[in-house]
Amino acid sequence: MMSVLHPYLRGCTMIFDGGIRLLSLRDVTVEDVLAIEVYGSNQQAPPQFANPIEGMSRCGSIVVWRRFD
């Protein structure tokens, strides 16, 4: 999973799994992924997926939606 998203990861990129912030994608398997949303900056991301820290407006977000059986 990390190799697929590596071009989008920067030091300040925030990662969300089903709306909950993650620190790593290590526990997410490709087989479980339903969809991935990539936002290159806070201006592009919906408010719930933006970085709230002042000065981080250039930081992006990756939102992973997983299927749960």
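The values are calculated or read from the model by the stated rules, or taken from the named source; none is laboratory data. Note that the coordinates shown come from a computational prediction; the quantities given were computed from them, not determined experimentally. Backbone-built Cβ (ideal geometry, glycine too); neighbour counts: all protein chains shown.
Give the residues of the range 28-41 that are charged (D, E, K, R) and within 21 Å of residue 10 (Cβ to Cβ), sorted by residue number. Reasoning before the result, please.
Initially, the range 28-41 is screened for residues charged (D, E, K, R), giving 31-32, 37.
Within the range 28-41, 37 is the sole residue that qualifies.
Within the range 50-69, take every residue that is at pLDDT 80 or above and among the β-branched types (Val, Ile, Thr) and give me the one that is nearest to the chain's Cα centre (by Cα).
Here the answer is 62.
Under the condition of being more than 11 Å from residue 62 (Cα to Cα) and surrounded by 10 or more Cβ atoms within 10 Å (Cβ to Cβ), which residue from the range 1-11 is modelled with the highest pLDDT?
Top of the filtered list is 4.
Criterion first (touching a Lys or Arg at 6+ places or on another chain (Cβ under 6 Å) and in a loop (DSSP other than H, G, I, E, B)) does residue 41 satisfy it? Steps first, answer last, please.
On the way: touching a Lys or Arg at 6+ places or on another chain (Cβ under 6 Å): yes; in a loop (DSSP other than H, G, I, E, B): yes.
When the stated conditions are applied, residue 41 passes them.
Filter the range 14-39 down to the residues that are surrounded by 14 or more Cβ atoms within 10 Å (Cβ to Cβ) and in contact with a Phe, Trp or Tyr (Cβ under 6 Å, 6 or more places away or on another chain), then identify the one that is farthest from residue 63 (Cα to Cα).
Filtering first and then ranking leaves 38.
Which of the residues that make up the range 44-69 are over 23 Å from residue 3 (Cβ atoms) and outside any loop (DSSP other than H, G, I, E, B)?
Once the filter is applied, which keeps residues that are over 23 Å from residue 3 (Cβ atoms) and outside any loop (DSSP other than H, G, I, E, B), the range 44-69 yields 47, 48.
Go through the range 40-69 and count every residue that is charged (D, E, K, R) and surrounded by 13 or more Cβ atoms within 10 Å (Cβ to Cβ).
So the answer is 1.
Looking at the range 36-49, can you tell me whether even one residue there is over 10 Å from the mean Cα position of the chain (by Cα) and among the β-branched types (Val, Ile, Thr)?
Scanning the range 36-49 turns up no residue that is over 10 Å from the mean Cα position of the chain (by Cα) and among the β-branched types (Val, Ile, Thr).
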